[in-house]
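Below: the structure, in structure tokens.
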Amino acid sequence: MMRFKIALLIAYFALTTTASQAPDECPKDEFACIDVMNSSQCIEQLVIEKLSPATRENLIKCVEYEGTATNLPGATKYCRCPGCHTAAINSVIKEMFPAPCS
């Protein structure tokens with residue numbers, strides 16, 4: 001009986017974890033996405049914590065800094081990497097930096 005309960009519990013967690021995961025839309029072969037992912041804290045402070053207004057200009061400042069993986073403009077980085085964060089942040093990025101990318 002104990003084995004059945006453990007198996008049932010494992011199956012429950014496996015199904016709920018798999019069902020709740022969003023599809024990964026972050027391109028793994030795009031260097032611009034490294035800059036977007038490395039700027040997670042800055043982006044989160046704007047979008048989630050609302051420490052400053054989440055404007056296009058403020059978001060672009062998060063991904064344009066010395067030592068980035070690419071020298072692309074910030075808007076292009078976001079446009080090429082719309083799915084590299086949580087759903088809340090991704091929706092803001094997709095809205096502010098829609099395709100087609102410049």
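The values are calculated or read from the model by the stated rules, or taken from the named source; none is laboratory data. The structure presented is a predicted model; accordingly, all values stated were derived computationally and were not measured. Counting neighbours? That spans all protein chains shown, and the Cβs are built from the backbone with ideal geometry, glycine included.
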So Lys94 ticks every box in (1) in contact with a strand residue (DSSP E or B) (Cβ under 9 Å, 6 or more places away or on another chain); (2) surrounded by 17 or more Cβ atoms within 10 Å (Cβ to Cβ) but one. Which box is left unticked? (2)
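Only one residue in Gln45, Gln41 is part of a helix (DSSP H, G or I) and over 21 Å from Lys28 (Cα atoms), so which one is that?
Gln45
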Return the pair list, or none, for Cβ contacts closer than 8 Å from residues in the stretch 76-102 that are closer than 19 Å to Ile34 by Cβ to residues that are part of a loop (DSSP other than H, G, I, E, B) and among the acidic types (Asp, Glu), at least 6 apart or on different chains. Arg80/Glu30; Cys81/Glu30; Gly83/Asp24
Please enumerate the residues belonging to the stretch 49-102 that are of a type in the set (A, V, I, L, M, F, W, C), in contact with a Lys or Arg (Cβ under 8 Å, 6 or more places away or on another chain) and assigned to a helix (DSSP H, G or I). Val63, Ala75, Met96
Looking only at the stretch 17-26, decide whether some residue is surrounded by 11 or more Cβ atoms within 10 Å (Cβ to Cβ) and either modelled with pLDDT of 90 or more or under 12 Å from the mean Cα position of the chain (by Cα) (or both). yes
